[in-house]
Amino acid sequence: MSNELTIKNEDLLTVVENRDLGELIKPLVNEIHLFDTVIAGTLFMEDSSVYDRLEKNEKLILQRENNKFDSNAILILNSQKQKLGYVPERDNQVFSRLMDAGKLLIAKVISVKNPDGFYMIRIGIYLVDY
């Protein structure tokens, strides 16, 4: 008996052969919707033009932040890693625990409204499950 790998199904080899790992794993990724909320802190942003470029269903990065005002702070960034604000303090306790336990969370834009110069950005928070 040999320790060689023998591929009996050449169709499988053709599927796997010319693809990177990300393409192979992608079908196995499941985004589980957990909660809807708004981005907190939009009033305090120096450059609010980042909000004008947001699009519905755009994926956003959630990142834990060492914050002296809120030990559960979760920063929200766009794909260019520009700061958009925070998950509201009233909503972040469970999400920060999940992130601290190594779970990957993302957000997606639901809507962007700008009545009277105040940006109201609704987001959905998702658990990325493999």
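Can you find, within segment 101-118, the residue that is farthest from Phe35 (Cα to Cα) among those that are touching a strand residue (DSSP E or B) at 6+ places or on another chain (Cβ under 7 Å) and not aliphatic (A, V, I, L, M)? The qualifying residue farthest from Phe35 (Cα to Cα) is Lys113. Taken across segment 99-121, residues that are surrounded by 16 or more Cβ atoms within 10 Å (Cβ to Cβ), under 16 Å from the mean Cα position of the chain (by Cα), closer than 15 Å to Glu55 by Cα and free of Cβ contacts under 8 Å to residues at least 24 places away in the same chain do not occur at all.
Consider segment 38-51 and keep the residues that are on the phi < 0 side of the Ramachandran plot and in a loop (DSSP other than H, G, I, E, B). The one that is surrounded by the fewest Cβ atoms within 10 Å (Cβ to Cβ) is Glu46. Of the residues Phe35, Phe69, the single one that is surrounded by fewer than 18 Cβ atoms within 10 Å (Cβ to Cβ), over 12 Å from the mean Cα position of the chain (by Cα) and in a strand (DSSP E or B) is Phe35. Only a single item in (1) in a loop (DSSP other than H, G, I, E, B); (2) more than 17 Å from the chain's Cα centre (by Cα); (3) surrounded by 10 or more Cβ atoms within 10 Å (Cβ to Cβ) is not met by Leu54, and it is number (2).
One line per residue, one yes/no per condition, for (1) modelled with pLDDT under 95; (2) charged (D, E, K, R); (3) within 22 Å of Met120 (Cα to Cα):
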| site | (1), (2), (3) |
| --- | --- |
| Leu34 | no, no, yes |
| Phe44 | yes, no, yes |
| Ser49 | yes, no, yes |
| Leu54 | no, no, yes |
| Phe69 | yes, no, no |
| Ile74 | no, no, yes |
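The values are calculated or read from the model by the stated rules, or taken from the named source; none is laboratory data. Note that the coordinates shown come from a computational prediction; the quantities given were computed from them, not determined experimentally. All Cβ positions, glycine included, derive from the backbone under ideal geometry; neighbour counts span all protein chains shown.
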